[in-house]
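Data block below; observations after.
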Amino acid sequence: MQQLSAEHSSAPTSMREYEIGGKKYTVVSHYVGKKNVDNVLREIAVKRAYSDMENPA
C-alpha cells in the first residue's frame with residue numbers, strides 16, 4: 001500500500017463527503033490515468049449485488 005501511495009503521490013486528487021443513510025462517507029479520488037468507467041461501475045455493481053444477496057437487510 002505504501003508503494004502505491006508513493007507512486008501516485010504527485011497525482012491530482014479530490015475529496016468529497018457524502019451522507020448516505022445517516023452515515024458520512026469521505027471519498028478521495030486519485031487521478032492516475034485513463035479508466036474504462038463502464039467496466040469499473042459494472043465491477044462495483046456486481047460486488048455490491050453479491051454482498052446484498054449474502055447479507056440481506
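The values are calculated or read from the model by the stated rules, or taken from the named source; none is laboratory data. Quick caveat: nothing in here was measured; it's all calculated off a predicted structure. Cβ: placed from backbone, ideal geometry, glycine included. Neighbour counts: every protein chain shown. Surface accessibility is based on the protein's heavy atoms, side chains included, excluding ligands, DNA and RNA. Shrake-Rupley method; radii C 1.70, N 1.55, O 1.52, S 1.80 Å.
Any chance you could count the Lys pairs in the chain whose alpha carbons are under 26 Å apart, treating pairs 8 or more apart or on different chains as valid?
Details: Lys23/Lys47; Lys24/Lys47; Lys34/Lys47; Lys35/Lys47.
Lysine pairs, 8 or more places apart or on different chains, close enough: 4.
Rounded to the nearest 10 degrees, the inclination of helix 37-54 to the longest alpha-carbon principal axis of the chain is 40 degrees.
Under a Gaussian network description of the chain, with springs only between Cα atoms under 10 Å, the residue in Lys23, Lys34, Lys47 that fluctuates furthest is Lys23.
The modelled label-to-label distance for the pair Asn39/Tyr25, using points 7 Å beyond Cα in the direction of Cβ, is 2.3 nm. As a ratio to 2.2 N^0.38 Å, the alpha-carbon radius of gyration for the chain is 1.45. At full extension, Thr13 and Val46 could sit 9.3 nm farther apart than now, given 0.36 nm per residue minus the alpha carbon distance. Solvent-accessible area assigned to carbon and sulfur over the chain amounts to 55 percent, based on a 1.4 Å probe.
Before anything else, pin down the relative contact order of the chain: Cα pairs under 8 Å, at least 6 apart, normalised by residue count, whole percent. Walk me through the numbers before you get to the answer.
Values: 31 pairs, mean separation 13.8, N = 57.
Here the relative contact order equals 24 percent.
Ligands, DNA and RNA excluded, the heavy atoms of Ser9 present near 90 Å² of accessible surface to a 1.4 Å solvent probe.
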